[in-house]
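One structure, pasted below without further comment.
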Amino acid sequence: MIRYPKPLQQGDTIGVTAPSSGVDKVLHHLVHDAKQQFEKRGFKGDVGETVWTQNKAASTTKEIRAMELMAMFHNLEISAIIPPWGGEILMEILPLIDWEEINPKWILGYSDLSTFLFAMTVKTGIATAHGPNFVELRSDEWEPVASQFLNVLKAHEGSSIEQHSSEQFQSKWQHEAPNDPYVYKLDSPTEWKVVGSTNIELEGRLLGGCVDTIRHLVGTPYGNIASFQKKFLNDEPILWYFENCELNAADFHRSMLQFVYAGWFENAAGIIFGRSPAGQEVGGFTVLDSMERIKELTGLPVIYDADVGHVPPQITFVNGAHGHVIVEKGKGRILTTFR
């Protein structure tokens, strides 16, 4: 049985910690701006020490990162945790986490943060939220699709949240552009696609994250999918979602084959892939070629170019929750039910 954190309420405190990468001094203003925006919306912010430092591809030592994260889970004054962003080597802290002592509360993020989100849900059966990171919420207006994270975090067990695909997405990051009206600069039409079809309808328990990082959980205690399904899902099928940050087409395909060979797709409802800034073809082999081969190999339906990951905006996917996804004429919608 999946456990859902207590719904976020107006006046609650958001904890900000950096279990992966911290923020270089020249970018500290991004954290201050985001904290101010949450405060304007009636929340409080508690920013940890790890957020302000960065050294050797991480905010600080693995011990300090794990300690501060666990302290925020134990702090009854903190209702949700939203790290500043992802990073590279969050995986270091996983053995230092006392999984049995985690108090259920929402943790939100993507990229390397999905390494922790994935492991936490698989190990504990506590739902986690794959969505925008803290510094992307630093503008006066929040982009309509990404801003749905707040409704997700406010949801009660037993309720449902419907989210819709974006009208446009951001084709490349423009960090120098002003936050007007929001951080994302949407410039390209969104179209959700289906391999070998046009329309599709899928249902299953949501689980996934960044392929670059969660692939390294295969064969570890944090990637035992068969045990997770049996212990927490009553053997319900998984509706997988993935996003690719930096992998070229061949590396992406090797990673997907690793999931296949590890048995991750043996009891699944389908696969959803987000838009990617990567996926460069290798010798004429493309990511679409990989998706077609994975579909043929597994027999699973495949959706791609969805609003997930490093090409914003992104829908908030809840690991462990029941997802009902419909794609019709290039438009997508997902009904997430907290049961």
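Under 9 Å between Cβ atoms, which residue pairs at least 6 apart in sequence (or on different chains) link something in the range 10-29 that is free of Cβ contacts under 8 Å to residues at least 12 places away in the same chain with a partner that is open to solvent by 10 Å² or more (accessible area, probe 1.4 Å)?
Pairs that qualify, where the first residue is free of Cβ contacts under 8 Å to residues at least 12 places away in the same chain and the partner is open to solvent by 10 Å² or more (accessible area, probe 1.4 Å), are H29/R138.
When only residues in the range 282-334 that are among the charged types (D, E, K, R) and not in a strand (DSSP E or B) count, which is nearest to V135 (Cα to Cα)?
Step one: filter the range 282-334 for residues among the charged types (D, E, K, R), giving 289, 292-293, 295-296, 305, 307, 328-329, 331, 333.
Then keep just the ones that are not in a strand (DSSP E or B); that gives 289, 292-293, 295-296, 307, 329.
On the way: D289: 35, E292: 35, R293: 37, K295: 36, E296: 39, D307: 19, K329: 33 Å.
Per the stated criteria, the residue is D307.
Would you check which residues across the range 156-172 are surrounded by fewer than 16 Cβ atoms within 10 Å (Cβ to Cβ) and among the polar types (S, T, N, Q) and list them? Before you say what the answer is, go through the steps one by one.
Keep residues of the range 156-172 that are surrounded by fewer than 16 Cβ atoms within 10 Å (Cβ to Cβ), which gives 156-160, 162, 164, 167-168, 171-172.
Within the range 156-172, S159, S160, Q168, S171 qualify.
Okay, moving on. Just one of the numbered conditions (1) in a strand (DSSP E or B); (2) within 21 Å of the chain's Cα centre (by Cα); (3) of a type outside the set (V, I, T) is not true of E201; which one?
Failing condition for E201: (2).
Now a separate question. Would you call V311 farther than 19 Å from S276 by Cβ, buried (at least 20 other Cβ atoms within 10 Å of the Cβ), of a type in the set (V, I, T) and within 13 Å of the chain's Cα centre (by Cα)? Full working, then the answer.
Values: farther than 19 Å from S276 by Cβ: no; buried (at least 20 other Cβ atoms within 10 Å of the Cβ): yes; of a type in the set (V, I, T): yes; within 13 Å of the chain's Cα centre (by Cα): yes.
For V311, the condition - farther than 19 Å from S276 by Cβ, buried (at least 20 other Cβ atoms within 10 Å of the Cβ), of a type in the set (V, I, T) and within 13 Å of the chain's Cα centre (by Cα) - is not met.
Looking at E63, E39, which is the one that is open to solvent by 50 Å² or more (accessible area, probe 1.4 Å), over 18 Å from I78 (Cβ atoms) and assigned to a helix (DSSP H, G or I)? First the steps, then the outcome.
On the way: E39 fails: over 18 Å from I78 (Cβ atoms).
Selected residue: E63, the only one of E63, E39 that is open to solvent by 50 Å² or more (accessible area, probe 1.4 Å), over 18 Å from I78 (Cβ atoms) and assigned to a helix (DSSP H, G or I).
Are there any pairs, at least 6 apart or on different chains, whose C-beta atoms fall under 7 Å, with the first in the range 188-204 and touching a residue at least 60 places away in the same chain (Cβ under 8 Å) and hydrophobic (A, V, I, L, M, F, W, C) and the second surrounded by fewer than 19 Cβ atoms within 10 Å (Cβ to Cβ) and in a loop (DSSP other than H, G, I, E, B), and if so, which?
Here the result reads W192/G330, each pair linking the range 188-204 to a residue that is surrounded by fewer than 19 Cβ atoms within 10 Å (Cβ to Cβ) and in a loop (DSSP other than H, G, I, E, B).
Yes/no matrix, rows are residues, columns are (1) open to solvent by less than 10 Å² (accessible area, probe 1.4 Å); (2) of a type in the set (D, E):
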{"residue": "M91", "(1), (2)": "no, no"}
{"residue": "S139", "(1), (2)": "yes, no"}
{"residue": "K154", "(1), (2)": "no, no"}
{"residue": "Q174", "(1), (2)": "no, no"}
{"residue": "D180", "(1), (2)": "no, yes"}
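Return the only residue of F242, F232, F228, F259 being under 23 Å from P312 (Cα atoms) and surrounded by 13 or more Cβ atoms within 10 Å (Cβ to Cβ).
F242
Out of all the residues in the range 80-90, is one or more closer than 22 Å to I225 by Cα and outside any loop (DSSP other than H, G, I, E, B)?
yes
Something else now. Do we have G284 as free of Cβ contacts under 8 Å to residues at least 12 places away in the same chain and either small (G, A, S) or touching a strand residue (DSSP E or B) at 6+ places or on another chain (Cβ under 8 Å) (or both) here? Steps first, answer last, please.
Values: free of Cβ contacts under 8 Å to residues at least 12 places away in the same chain: yes; either small (G, A, S) or touching a strand residue (DSSP E or B) at 6+ places or on another chain (Cβ under 8 Å) (or both): yes.
So G284 fits the description; yes.
Counting only residues that are in contact with a Phe, Trp or Tyr (Cβ under 9 Å, 6 or more places away or on another chain) and open to solvent by 30 Å² or more (accessible area, probe 1.4 Å), which one in the range 186-206 is nearest to V287 (Cα to Cα)?
K193
Right, F116: crowded, with 24+ Cβ neighbours inside 10 Å, of a type in the set (A, V, I, L, M, F, W, C) and more than 23 Å from L217 (Cα to Cα) or not? Full working, then the answer.
On the way: crowded, with 24+ Cβ neighbours inside 10 Å: yes; of a type in the set (A, V, I, L, M, F, W, C): yes; more than 23 Å from L217 (Cα to Cα): no.
Spelling it out, it is not the case that F116 is crowded, with 24+ Cβ neighbours inside 10 Å, of a type in the set (A, V, I, L, M, F, W, C) and more than 23 Å from L217 (Cα to Cα).
The values are calculated or read from the model by the stated rules, or taken from the named source; none is laboratory data. Here the structure is a predicted model, which means the values were calculated and not measured. Quick reminder, even Gly has a Cβ in these numbers, built from the backbone with ideal geometry, and neighbours come from all protein chains shown. Heavy atoms of the whole protein, side chains included, go into the accessibility calculation; ligands, DNA and RNA do not. Shrake-Rupley method; radii C 1.70, N 1.55, O 1.52, S 1.80 Å.
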